Amino acid sequence: MLKFQASTGVMAYHLALGGTYHTFANLRTLLAKASPRRSGDELAGVAAASAEERVAAQMRLAEVPLRAFLDEPLIPAEEDEVTRLILERHDPAAFQPVAGMCVGEFREWLLRYETDGAALAAVAPGLTPEMVAAVSKIMGNQDLVLAAQKVRVTTRFRNTLGLPGRLSVRVQPNHPTDDPRGIAASILDGLLYGCGDAVIGINPATDDPAACAKLLRLMDRIITEYAIPTQSCVLAHVTTTMQCMERGEPVDLVFQSIAGTEAANRSFGISLELLREARGMALALGRGTLGDNVMYFETGQGSCLSANAHHGCDQQTLEARAYAVAREFSPLLVNTVVGFIGPEYLYDGKQIIRAGLEDHFCGKLLGLPMGCDVCYTNHAEADQDDMDTLLTLLGVGGVNFIMGVPGADDIMLNYQSTSFHDSHYLRQALGLRPAPEFEAWLERMKIFASRGNRLAPIERQHALLASAAVA
Amino acid sequence: MTDAWTHLREFTAARLALGRSGGSLPTASLLDFRLAHARARDAVLSRFDPDQLAATLRPLDPRTSLLDSQAADRAEYLQRPDRGRKLDAASRERVLTLAGNHDLVILVSDGLSTFAAERQAPPTLAALLPLLQTDGWQLAPLLIVRHARVALQDEVGALIGARLSLILLGERPGLGSPDSLGAYFTHTPLPGRTDAERNCVSNIRPEGLAPAAAARKLHALLTSSRELGYSGYRLKDDTGPLLDPPARSVLT
């Protein structure tokens, strides 16, 4: 058991740069000022005041020993269970290979030829979110892509996700009133476009157990009727899903939005204990055929500030701390919903792209099966071309899964994500294939041509189109 | 290549069965999407002309007055929601001169969709004001506020001395709904009121909740709020389906 260091006696960080002497009051401030520019940090009042101050902070941060993040918790352990979790789970033996490094050296180590996937997987339990966030701040976009690409994180429930050369897709068949036939129609559209191996996951318009049970049964019926090697999820609050499990509804995965501070999680109505209990219930159902990764988490930069629970930290560091929460529960899927939060947190395409790459890198380095909702809202300075760019970069970086929304237009949540067509672009451009079990099903169902990875012509008589769900 | 399941479109407004060329979108679908996004962007970015809207609304209320939030321009408005929730100094002064014993103050703002304010606010108010006047409501002058966020009506309501405070403002545009208006009201408005203490009627546009129907719904809710002496989640709507669900978590 670790003894928690008192958060008093923090040191200031200094850097002389030409004629200017830069001072950063503590590690939290240094990290915030070193963070690449984004509107959410400016809104919170923690961002660098000038472009030079930002680089000065990055230069100073590069010299900070990784150990400092163990010695100086950004949020005191006494008042935050996420901090306690991070410190309790830190594995000193795994940390050993990088324990003597400072942040700048750590970046170089990540990029060395010799540092491969096995080395990164071995060191992951020794890394804390703050170390990973720190190094990401001094890495360029290409560094974030290259280092993430080395890490493969494989998870299983009814299929195998995250293998090299594979890209999976969540079918997101949302409907403004949860109309079962409308949702079924979108699910079929997705399946006929070869998508749905990550999960068939609905954001419900109404978060109550009876409404969610209807959706769970609908998806269970489709998955069973066509023997689809995939899993379903209603993205309701964890307590709603727990009620569904108590009532014997067919729950595959437990979903929850999570954040990087105890206070933000409290505003979501959750705690680590509650998540532990929910996971235990899902494991007891034993519905996974290939594995027991039963959790699905969503995150996104800015959620702590939005909940007024940021403790003066920057949004990217807090996002990385949410991954410490996620990894405690061996999830099947972790999805950073990067551009949904709006321009007051990520202003434009440039900020959204950067944040998506940071989140994917940080999550992967911490050992998580990262996917990304490559997305934006209509009041952000972004468009579909920005999403094409981020999608491509994440594909190169080896993202586990993306969203598949009919025509990229979510008519319930009113934002734009990626489409089934987008997944075919990425699969063609980079030679990526669906999860192996799902790929075999697509070929069996003659959705994919037998030459593989290409859509076959579908006749009106196709078995899926005879589904009772839309008859 | 067209898809064999275009008949599924009857069940949902989702962009189903778009067809494909290889695995990519057909040109028509691609441009269709781009047009919808262009309209949504125009709704967010087009210049809001408060004088023009005031001219339209003066026949309903000749006392109509103009205010500004602390957001200097559209870019600041988008990045600093806190400034959209507060009046600038000159506007505060103006509101204080209007203070009195009012049952209700109504504000109109461009919010996130200039088109929504221009197109839906006039017919909504044209239907709502006579209903309230018939019931004897004492209304403060109608106020048009540039670049407001929800919650600004609480500051204004407190300053002007109104028992209830209502704001109509443009909602974040969806791809198929660039001009959707939202209405939010608070009983005993005060700075610092939370979302749970407000009521909301959303999706006001001819293709959603039509302005006249929205006015009836608001009239019923405001009346009930005045009688019960509170607003927020405890207030039920007896005119039809229940109130809109509470605001979603940003992540779900």
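Here are the numbers:
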item	result
Total accessible surface hidden between A and B, rounded to 100 Å², 1.4 Å probe	4200
Under Karplus coefficients 6.51, -1.76 and 1.60, residue-wise ³J(HN,Hα) of region A:68-78 in Hz, glycine/proline x	4, 6, 7, 7, 10, x, 5, 10, x, 4, 5
Considering only chain A, percent of DSSP beta bridges that pair antiparallel, nearest 5	30
Under 5 Å, built H, 5+ apart or other chain: amide partners of A:LEU333	A:MET295, A:PHE297
Peptide B:77-88, shielding by other chains (average Cβ, 10 Å cutoff)	3
Interchain or long-range residues, amide H under 5 Å from A:VAL153's placed H	none
Top positive-direction residue, dipole computed over region A:155-280 with Cβ charges, set A:THR177, A:ALA278, A:VAL199	A:VAL199
Ordering of A:56-68, A:30-42, A:259-271, B:21-33 by burial proxy (mean other Cβ atoms within 10 Å per residue, highest first)	A:30-42, A:259-271, A:56-68, B:21-33
Chain B: C-alpha gyration tensor shape, a/c 1.5 cut-off, then a/b vs b/c	prolate
Distance in nm between pseudo-label sites at A:ASP385 and A:ALA121 (7 Å out along the Cβ direction from Cα)	4.1
Computed over region B:50-228: relative contact order in percent, which uses C-alpha pairs under 8 Å that are six or more apart	24
Net length gained if the chain between A:ALA210 and A:TYR21 were fully extended (0.36 nm per residue, minus Cα distance)	61.9 nm
Acute angle (nearest 10 degrees) that the helix A:209-225 long axis makes with the longest principal axis of chain A, alpha-carbon atoms	60
Proximal aspartates and glutamates to B:LYS217, defined as alpha-carbon separation beneath 16 angstrom and excluding residues fewer than eight positions away on the same chain	B:ASP135, B:GLU227, B:ASP237, B:ASP238, B:ASP244
Region A:328-444 - share of DSSP beta bridges that are antiparallel (%, nearest 5)	30
Contour minus Cα-Cα distance for B:ARG234 and B:THR27 (0.36 nm per residue)	69.6 nm
Shape of region B:94-212, Cα gyration tensor, a/c cut at 1.5	prolate
Among beta bridges that DSSP assigns inside region B:50-228, antiparallel share in %, nearest 5	45
Space enclosed by the convex hull of the alpha-carbon atoms of region A:75-212, per residue, Å³	194
Residue of B:LEU181, B:LEU190, B:LEU218 that the Gaussian network model of chain B assigns the largest fluctuation, springs spanning Cα pairs under 10 Å	B:LEU190
Shape call, the protein assembly as shown: gyration tensor on alpha carbons, a/c limit 1.5	oblate
1.4 Å probe accessible area per residue over region A:1-133, in Å²	46
Amide proton proximity set for A:ARG166, modelled H, under 5 Å, gap of 5+	A:ARG433
Accessible surface of region A:300-352, 1.4 Å probe, proportion on carbon and sulfur as whole %	41
Integer Hz, Karplus 6.51/-1.76/1.60 couplings in order for region A:162-168, x for Gly and Pro	x, 5, x, x, 10, 9, 10
Most fluctuating residue given options B:PRO130, B:PRO211, B:PRO191, as computed from a GNM of chain B linking Cα atoms under 10 Å	B:PRO130
Residue-normalised accessible area of region B:50-228, given per residue in Å² at a 1.4 Å probe	37
GluC sites (Glu not before Pro) within region A:368-471, DSSP loop, no more than 16 other Cβ atoms inside 10 Å	A:GLU459
Net +/- balance of residues flanking A:GLY126 in space, Cβ distance below 12 Å, scoring K and R +1, D and E -1	+1
GNM result for chain B, Cα springs below 10 Å: residue of B:LEU18, B:LEU53, B:LEU221 fluctuating most strongly	B:LEU18
Average partner coverage of A:407-418, which counts Cβ from other chains inside 10 Å	5
Neighbouring partner chain Cβ atoms per residue of B:16-29, average, 10 Å criterion	5
From phi via Karplus (6.51, -1.76, 1.60), per-residue ³J(HN,Hα) for region A:403-415 in Hz, x at Gly/Pro	8, x, 10, x, x, 6, 10, 7, 7, 9, 8, 6, 8
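The values are calculated or read from the model by the stated rules, or taken from the named source; none is laboratory data. The model shown is predicted, which means the values in this text are computed figures rather than measured ones. FYI the Cβ positions are ideal-geometry reconstructions off the backbone, even for glycines, and counts take in every protein chain you see. Side chains are part of the model used for accessible areas, which takes the heavy atoms of the whole protein and leaves out ligands, DNA and RNA. Shrake-Rupley method; radii C 1.70, N 1.55, O 1.52, S 1.80 Å.
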